[in-house]
Amino acid sequence: MSSNQKQMTINFEAYGVCVSLNFQKPFEYENVLSCIKNAIPTNLKILQSIEKNEHIFKINAETKSKYSLKKNSEPKITSDDKSQILERLESLLRLTVAEHADAKVFIHAGVVELGGRAVIIPARSFKGKTTLVVELIKAGAKYYSDEYAVVDENGLIYAFPKTLSVRGIINDYTQVERPYDFYGASLGLKPIKAGMILVTEYQKGTHWKPRILSQGEAVLELISNTIPIRNKPEYTLFVLNKLAENALAVKSKRGEAKRFAKNLIRFFETEMK
């Protein structure tokens with residue numbers, strides 16, 4: 001592609017993190033902007049300029065049909081598929097904000113609301129987290145997130161309502177993005193306290209056998225799924241303890257998600273009385 005191709009820039013701030021994104025055609029402004037909005041569904045502000053650019057992303061056209069994505073000059077992906085570049089960009093933007101957010105701690109977790117309290121399901125990918133979130137919102141829970149629990153210094157959890165990344169529609173590995181209202185769910189709007197921290201993952205043939213965790217055990221389970229633990233360890237541990245101090249923490253393998261969701265809701269309603 002010609003070096004004279006017009007360079008476009010989108011600057012934004014989210015959760016105190018400032019990012020600049022530079023790109024050229026054939027990437028269209030609206031498509032890139034949509035990618036940013038999908039990555040950061042809340043607290044996003046598009047800016048005319050940024051005084052201090054700590055996080056700079058750049059999409060380059062290496063040839064007429066091959067593109068590269070870099071973060072702060074570090075190569076991240078090269079592909080001839082524009083959609084693959086944008087998917088990787090979306091993931092990196094979300095992770096960058098989660099790592100460096102000001103006054104918030106991002107935990108890799110699904111979050112729903114039951115009875116005015118949050119059920120937090122900390123888990124990495126391929127543990128069945130989104131599948132369980134889908135079944136819980138289909139059963140009446142309010143949707144907060146299938147990606148991050150966003151927590152402040154008082155232990156309050158905020159919605160991060162990205163589209164649900166559902167596997168199993170095409171195959172067990174390909175994600176299909178579904179809006180939360182696709183499943184008839186309503187969105188949780190206000191910050192809420194944790195009611196339950198649920199440590200679980202799918203294992204075929206297993207049943208709901210909850211083991212109650214201490215606050216210390218719950219925090220240890222959360223740490224392995226907490227994004228800024230290396231950048232801000234003291235603040236992060238303070239927030240995790242605030243989150244866990246009044247929450248019921250349980251651990252159990254689970255079987256089929258639909259049945260498990262119903263059992264979980266009954267258990268939660270009984271324990272929260």
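The values are calculated or read from the model by the stated rules, or taken from the named source; none is laboratory data. Remember, predicted model here, so these are calculated numbers, not experimental data. Positions of Cβ are generated from backbone atoms using ideal geometry, with glycine treated the same way; all protein chains shown enter the neighbour counts. Just the protein is used for accessible areas: all its heavy atoms, side chains included, with ligands, DNA and RNA removed. Shrake-Rupley method; radii C 1.70, N 1.55, O 1.52, S 1.80 Å.
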The range 116-198: strands (runs of 3 or more DSSP E) wholly inside it with 3 or more residues that are at negative phi and not aliphatic (A, V, I, L, M) are 142-145
**Condition met for V250 (part of a helix (DSSP H, G or I), closer than 30 Å to H100 by Cα and among the hydrophobic types (A, V, I, L, M, F, W, C))** = no
In the range 112-129, residues that are closer than 23 Å to E99 by Cβ and either surrounded by 24 or more Cβ atoms within 10 Å (Cβ to Cβ) or not polar (S, T, N, Q) (or both) total 9
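Please tell me if V105 is modelled with pLDDT of 95 or more, within 29 Å of T226 (Cβ to Cβ) and either in contact with a Lys or Arg (Cβ under 7 Å, 6 or more places away or on another chain) or open to solvent by less than 20 Å² (accessible area, probe 1.4 Å) (or both).
Against the criterion (modelled with pLDDT of 95 or more, within 29 Å of T226 (Cβ to Cβ) and either in contact with a Lys or Arg (Cβ under 7 Å, 6 or more places away or on another chain) or open to solvent by less than 20 Å² (accessible area, probe 1.4 Å) (or both)), V105 qualifies.
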(1) in contact with a Phe, Trp or Tyr (Cβ under 7 Å, 6 or more places away or on another chain); (2) among the aliphatic types (A, V, I, L, M); (3) without any contact (Cβ under 8 Å) to a residue 40 or more places away in the chain all hold for A159 apart from (3)
When the range 5-24 is checked residue by residue, the ones that are part of a loop (DSSP other than H, G, I, E, B) and either open to solvent by less than 40 Å² (accessible area, probe 1.4 Å) or closer than 16 Å to L89 by Cα (or both) are Y15
Next on the checklist: Going residue by residue through the range 27-49, is there one that turns out to be part of a strand (DSSP E or B) and more than 28 Å from V151 (Cβ to Cβ)?
Outcome noted: no
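Please enumerate the residues belonging to the range 147-191 that are of a type in the set (S, T, N, Q) and either open to solvent by 20 Å² or more (accessible area, probe 1.4 Å) or at pLDDT 90 or above (or both). Walk me through how you get there before you give the answer.
Residues of the range 147-191 that are of a type in the set (S, T, N, Q), as a first pass: 154, 163, 165, 171, 174-175, 186.
N154, T163, N171, T174, Q175, S186 - these are the residues of the range 147-191 that are of a type in the set (S, T, N, Q) and either open to solvent by 20 Å² or more (accessible area, probe 1.4 Å) or at pLDDT 90 or above (or both).
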So, first residue without any contact (Cβ under 8 Å) to a residue 60 or more places away in the chain in the range 243-264, second residue basic (K, R) and not in a helix (DSSP H, G or I), Cβ within less than 6 Å, six or more apart or across chains; the pairs are K251/R211; S252/K209
